[in-house]
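Let me begin by presenting the structure, written as structure tokens, before commenting on it.
Values quoted throughout were computed directly from the atomic coordinates according to the rules given, and no laboratory measurement underlies them. Quick caveat: nothing in here was measured; it's all calculated off a predicted structure. Ideal geometry is used to build each Cβ from the backbone, glycine not excepted, and the neighbour counts take in all protein chains shown.
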Amino acid sequence: MFKIWMFCALLAGLFLTVALPASASMTGVEWLTRMEQMQATKGLPPSRHIRTQGAIEALDVGPGTINIFHLELRSPDGSIWMPAMHMVFHVTSRDLLNGLKPGDHIHFIVGRHRGAVMITHIDKIL
């Protein structure tokens, strides 16, 4: 009986390895990043985006996070509101962090993606 059970488990494991798409081997952060990028390309209504500015305090390309001191955030539809503060944001694409460093002043756009307020676009202020 044990041999039959082990054979079935092995067979199921082989089936899952072949049947699952390549995205199944991603880490949680990679999967979330891909989902956020797909969602960002679909776009959100303009009433759910906020364009504001801030200063970069720290960034970490690995998980795709950026610590910013930002001005008050308030979306036109009222779905997002935050006072001016220091805050860590996730970005919808790690590529947004290229060329940025602590101390840079930026304009950026945030929107709600999968329940989280995330940065969808960044422009460095020269």
Once you place label points 7 Å from the Cα toward the Cβ at Asn98 and Val61, how far apart are they in nm?
1.0
Amide H neighbours of Leu71 under 5 Å, counting only residues 5+ apart in sequence or on other chains, H built in-plane at 1.01 Å?
Gln53
Measuring from its Cα centre, segment 46-124 shows a charge dipole (+1 at each Lys and Arg Cβ, -1 at each Asp and Glu Cβ) which, in debye to the nearest 20, is 200
Residue span Arg114 to Asp77: 0.36 nm per residue of separation minus Cα-Cα distance leaves a gain in nm of 11.6 nm
How high is the FRET efficiency from Met85 to Leu126, r the C-beta distance, R0 30 Å, rounded to 0.05?
0.75
